[in-house]
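The values are calculated or read from the model by the stated rules, or taken from the named source; none is laboratory data. In this text the structure is predicted, and so the values were computed from the model without any measurement. Virtual Cβ from ideal backbone geometry, glycine too; neighbours counted across all protein chains shown. All accessible areas refer to the heavy atoms of the entire protein, side chains included, with ligands and DNA or RNA removed. Shrake-Rupley method; radii C 1.70, N 1.55, O 1.52, S 1.80 Å.
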Amino acid sequence: MSQLSQLEPNPDAYARSLLSHLGVKRIGDIGEFAGLLGLRIKEVDSDDFEGALIRVPQRLKGIIAVKRTISGEGRKRFTICHEIGHFVLPGHGTSDCICLDTEVESWRKGMPEQELAANRFAAELLLPYKEVAPLVHKGKASISVAKSLSNEFNSSLTAAGLKCVEVTEEKCAIVYSVNGVIKWFKTNANFHYFIRINERLDPESYAGQLFANSNVVEPFGAVPAEAWLRSDRLRSDARIWEDSILLPNYQSVITILTVHRDIGQEW
Amino acid sequence: MPKSRIIKPIPPKSEQEELYDAVFGPNEEMSEDLADDILATYAVTGQMLVDKFKARLQERIKEIHDQTGEIPAPLEATMRNVRQYERERIPRTVGADEWVSEIFGAALLPSSHASPLFSFRTSSTGEISENDRDILSRLMLELEEADQ
């Protein structure tokens, strides 16, 4: 291209274009899909990296190495789609293609920009907005909807939860906590409150209770908003809807927060 | 029978031109990037020069128009060229569809001497182990062999 050019910055757009170019509505067999791009998948016994892309520049040829011991098929598929992201996205895949477990499927602040872009690409590739939106709009964002999406699209619960929050029109956020501490969160465009990141979970939250006692029967319901949100301007009686689930294999809890009524001033 | 072209002899370079060649390199080696670098040392950008040139051109066209009631054709043509140059400098947005199509188009290119690549991360997230390096080296070799 002799003319100066500016590339589309949104990773989701590349995932959608790839699906449309290949005539695929949603991904079934991930190995077959990768094969359409000339990529072979190899499970390896790596120590540190979760996924890696080894490619031949300018060619549809490469190997995606994925850690054998990743628990959960959904997480493995997400890792593979993340590496496909590095293969497809402009400026990716020429270096730094070894992805650590703290980077795949994470949305914490301070992550390398390319890793975040590959995560966004993977989320859209596995759970295309067009396919997911009708299902979420029917049932709203909840752990139960995320579970059914995760089953239907063979994705991890984290990826499905993220997509639910992104797609819903409610004021919604997803929070990921590890060992009782909030590690990262992602809000949708309608949610304008600060979440208590890097703080210990409030005992009044269901997530906090799940870490203390994994036998909480129904970890969803209205909880004091200040258990999750940081703001001086919250109403004293403000409550927020919490829906949490414990992932014992990861010592983690995924929470979907929804603001149903006025709880005080936003940002 | 083809007509023979008359080739005019290139006039010898003046002393001043030779001095410029020695300082900046010969004209024919001057790329746009190099020109920008040189201008930057004088705190000038190419766009500033273009803007200045355009303003002077417009001023001159107006002067002549005021005096004669006509727009001088050569200056008008120059102005058109400047505008065309500026239009070409506006970044074009390449959409995701076009990008993806180009990836698949690349599969039709000859393989040349492309070799597999990856590099190690040395960011704060840490380096990878010796075992992991071995795994990646083996896969790289496998890919290279498959490509031959």
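Here are a few things to note about the model shown:
- Residues whose placed amide H lies under 5 Å from that of A:Val44, excluding near-sequence neighbours: A:Val66, A:Lys67, A:Arg68
- Charge dipole (debye, nearest 20) of segment A:146-259; +1 at Cβ of Lys and Arg, -1 at Cβ of Asp and Glu: 280
- Between 0 and 90°, nearest 10: helix A:129-139 axis offset from chain A longest Cα axis: 20
- Rounded to the nearest 10 Å², the accessible area of A:Trp241 at probe 1.4 Å: 90
- The alpha-carbon of A:Lys140 sits under 20 angstrom from the alpha-carbons of these aspartates and glutamates, leaving out residues fewer than 8 places away in its chain: A:Glu124, A:Glu131, A:Glu152, A:Glu166, A:Glu169, A:Glu170, A:Glu218, A:Glu242, A:Asp243, A:Asp262.
- Space enclosed by the convex hull of the alpha-carbon atoms of segment A:146-259, per residue, Å³: 98
- The angle between the Cα long axis of helix A:113-126 and the main principal axis of chain A comes to about 90°, on a 0 to 90 degree scale.
- Cross-link reach list, lysines versus A:Lys147, counting only Cα pairs under 25 Å and skipping chain neighbours closer than eight places: A:Lys25, A:Lys67, A:Lys76, A:Lys130, A:Lys138, A:Lys163, A:Lys171, A:Lys183, A:Lys186
- Relative to the longest principal axis of the Cα atoms of chain A, the long axis of helix A:143-153 makes an angle of roughly 10 degrees.
- Of A:Val175, A:Val88, A:Val24, the one that fluctuates the most in a GNM where chain A has Cα springs shorter than 10 Å: A:Val24
- Positive minus negative residues near B:Val82 (Lys, Arg vs Asp, Glu; Cβ under 12 Å): +3
- Excluding same-chain neighbours fewer than eight residues apart, the lysines reachable from A:Lys61 by a Cα-Cα span under 16 Å are A:Lys42.
- Between B:Arg80 and B:Gln47, the contour length at 0.36 nm per residue exceeds the alpha carbon distance by 10.3 nm.
- Taking every C-alpha pair closer than 8 Å and separated by at least 6 residues, the mean separation divided by the residue count of segment A:106-169 gives a relative contact order of 34 percent.
- The value of relative contact order for chain A, using C-alpha pairs under 8 Å at least six residues apart, is 14 percent.
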